[in-house]
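Bear in mind that the values in this text are calculations on the coordinates, not laboratory data. It should be emphasised that the depicted structure is a prediction, and the values quoted were computed from it without experimental measurement. Note: ideal-geometry Cβ built from the backbone for every residue, glycine included; neighbour counts use all protein chains shown.
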Amino acid sequence: MPETPSVALEFRNVSKCFGSLKVLKNLNFALNTGRIYSLIGESGCGKTTALRLMNGLEKPTEGEVLLNDSSFDYSQAVTQRRQMGYCLQGYTLFPHMTILENLSVIASRSKWSEEKILHRAHEVMALLGLDASEYLKKKPRQLSGGQQQRVGIGRAIFMNPKILLMDEPFGALDPITRNEIQDVFIDLQKKLNLTVVLVTHDLAEAFKMSSEILMFEKGHLAQRGRPNHLLMNPKTEYVAGFLKTNSPGHILEEIPLFTVMFSNVWTFCNNATGFMAYNLESEETRLFSSMDQFVEFKGQSSGLFFETHQDGTLKKQKALRGEKSLLDALKVLVSNEENYFPVVDKDNKVIGAFGKEALNALS
């Protein structure tokens, strides 16, 4: 069985009022370690206030915020915040400081040695794909917008936080640069196993980057789920309307298929003792000594089944590539009779499935 992930952040019955205005209303959710969560919704729905509650910039009017299973200690708010990184919209770099000085603002105040700061700066610049010898002595005005945003992310992770809070971090970038920085960040998050909470109004960004999406409506949590779950199973008219309004063709072109594919998929293959089946969602492995046992199991299961070689590569079937856009996948569905296709990675290994239920969700 897969190991149960630990909880990094939790809201228990959290409400927040500003005067007589109740901005957040009885929020209850837990965010697991090592995943990216997006908070989305219309302007004024409470998502940025929720982010400020997470790092103690605001206190809840009611309820409790927990950090690593312990109540947030507001008497030690500065110390608590240093367990987190914070990245805001725009570049927010100090224009009079060098890139090295910008990166190490908190480290300098924490009395790190110059040697330790310089070593960490080189580590961070390498993670960001920037040449430390070229950029550390420069001022922000000497960098492009995309480079400045990378440095902003670098400053947020400089102190090795386990949690990173981001408020519209890529909103000021042009579409090409934004897509590039998103790719850099996704790779960075995987390397560092960061827990990320991202506030965004950009549905394509949320779908591309998120393990799960939390959709807010007027201070309530309207729905939470994986991108594909929200797309296929909106719980309310508000959620369905928001997804439809924000999902025109140009956004469908920006959403990679792997973010919205079905994950309740079994791969199966012959082995020395019979048949082996593996579920991509639950990571469960089942062994069968005969074809009859396997056929019976398959008939009783709700997931989709695709035959593979023993190395997990797809066998004898047309497939969709996970890195292609959702729009590309929908075009294939419309032009073929099959209800479902396997989704594969660049090595032709099965990573999920996609089917015509998506057409109903988008209609």
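Label zone (His122, point 7 Å along Cα-to-C-beta; backbone nitrogen cut-off 20 Å) within the range 93-108: 98-105, 107-108. With unit charges on the beta carbons (Lys and Arg positive, Asp and Glu negative) and the dipole taken about the Cα centre of the chain, which residue among Tyr238, Ala272, Leu320 sits farthest to the positive side? Result: Tyr238. A simple charge model with +1 on the Cβ of Lys and Arg, -1 on the Cβ of Asp and Glu and nothing else charged puts the dipole of the chain at about 920 debye relative to its Cα centre. Thr79 sits among other residues whose Cβ lies under 15 Å from its own Cβ, and their net charge, with Lys and Arg +1 and Asp and Glu -1, is +4. Projecting the Cα atoms of Ala204, His122, Gln223 onto the charge dipole of the range 117-228 (Cβ charges, centred on the Cα centre) puts His122 farthest toward the positive pole.
Could you work out the Kirkwood radius for the range 148-210, taking every pair of different alpha carbons, averaging 1/r and inverting it, reported in Å? Intermediate results must be reported in sequence, preceding the final value.
On the way: mean 1/r = 0.0834 Å⁻¹.
Kirkwood radius, the range 148-210: 12.0 Å.
Estimate the FRET efficiency between His96 and Asn160 by the formula 1/(1 + (r/R0)^6), using the beta-carbon distance for r and 30 Å for R0, to the nearest 0.05. Given R0 = 30 Å and the Cβ-Cβ separation, E is 0.70. Restricting the GluC sites (Glu not before Pro) of the range 258-363 to loop positions (DSSP other than H, G, I, E, B) with no more than 16 neighbouring Cβ atoms within 10 Å leaves Glu281, Glu283, Glu284, Glu323, Glu337, Glu338.
Under 12 Å from the Cβ of Lys235, count the other residues' Cβ atoms, weight Lys and Arg +1, Asp and Glu -1, and hand me the total.
Value of the local net charge: -1.
Evaluated with a Cβ-only charge set (Lys, Arg +1; Asp, Glu -1), the range 259-362 carries a dipole of roughly 300 debye about its Cα centre, given to the nearest 20.
Can you work out the base-10 log of I(q)/I(0) for the range 10-155 at q = 0.15, 0.21 1/Å, using the Debye formula on its C-alpha atoms alone? Values, matching the q order: -0.90, -1.23. Report summary: the helix-based calculation at 222 nm, which adds -39500 (n - 2.57) for every DSSP H run with n ≥ 4 and divides by the residues of the chain, gives -9500 deg cm²/dmol.
For Leu173, what is the net charge nearby, where nearby means another residue's Cβ is under 13 Å from its Cβ and Lys, Arg count +1, Asp, Glu -1?
Working: positive: Arg150, Arg178; negative: Glu168, Asp174, Glu180, Asp183, Asp202, Glu205.
That works out to -4.
Taking 24 Å as the straight-line reach from the Cα of Lys218, the lysines in range (excluding those fewer than 8 positions away in the same chain) are Lys16, Lys22, Lys25, Lys47, Lys59, Lys235, Lys244. Here the Debye sum runs over all C-alpha atoms of the chain as equal scatterers in vacuum, and log10 of I(q)/I(0) at q = 0.13, 0.14, 0.15 Å⁻¹ comes out as -1.12, -1.23, -1.32.
Straight-line cross-link partners of Lys349 among the lysines, defined as a Cα under 28 Å from its Cα and at least 8 positions apart when in the same chain: Lys190, Lys191, Lys208, Lys298, Lys315, Lys316, Lys318, Lys324, Lys331.
Loop-located trypsin sites (Lys or Arg not before Pro) in the range 185-255 (DSSP state other than H, G, I, E, B) with a sparse environment of at most 15 neighbouring Cβ atoms within 10 Å: Lys218, Lys235.
Computed with the Debye formula from one identical point scatterer per Cα of the range 259-362, without solvent, the log10 of I(q)/I(0) at q = 0.16, 0.22, 0.25 Å⁻¹ comes to -0.70, -1.17, -1.40.
The alpha-carbon of Lys346 sits under 13 angstrom from the alpha-carbons of these aspartates and glutamates, leaving out residues fewer than 8 places away in its chain: Glu323. Considering only Ser290, Leu304, Ala329, and ranking their Cα positions along the charge dipole of the range 259-362 that arises from unit charges at the beta-carbon of Lys, Arg, Asp and Glu, the one farthest toward the positive end is Ala329.
With a Förster radius of 35 Å applied to the beta-carbon distance between Lys244 and Lys190, the computed FRET efficiency rounds to 0.65. Test of understanding: in a Gaussian network model of the chain with alpha carbons linked when under 10 Å, which of Thr33, Thr259, Thr313 would top the mean-square fluctuation ranking? Of the options given, Thr313 has the highest mean-square fluctuation.
Among the GluC sites (Glu not before Pro) in the range 42-146, those located in a DSSP loop and surrounded by at most 16 other Cβ atoms within 10 Å of their own Cβ are Glu42.
Working from label points 7 Å from Cα in the Cα-to-Cβ sense, the Arg12 to Phe29 distance is 1.9 nm. For the range 7-255, DSSP calls about 55 percent of its internal beta bridges antiparallel. Across the range 210-311, the volume of the C-alpha convex hull divided among the residues equals 131 Å³ per residue. For the range 165-214, the dipole from Cβ point charges (+1 on Lys and Arg, -1 on Asp and Glu) about the Cα centre works out to 200 debye, to the nearest 20.
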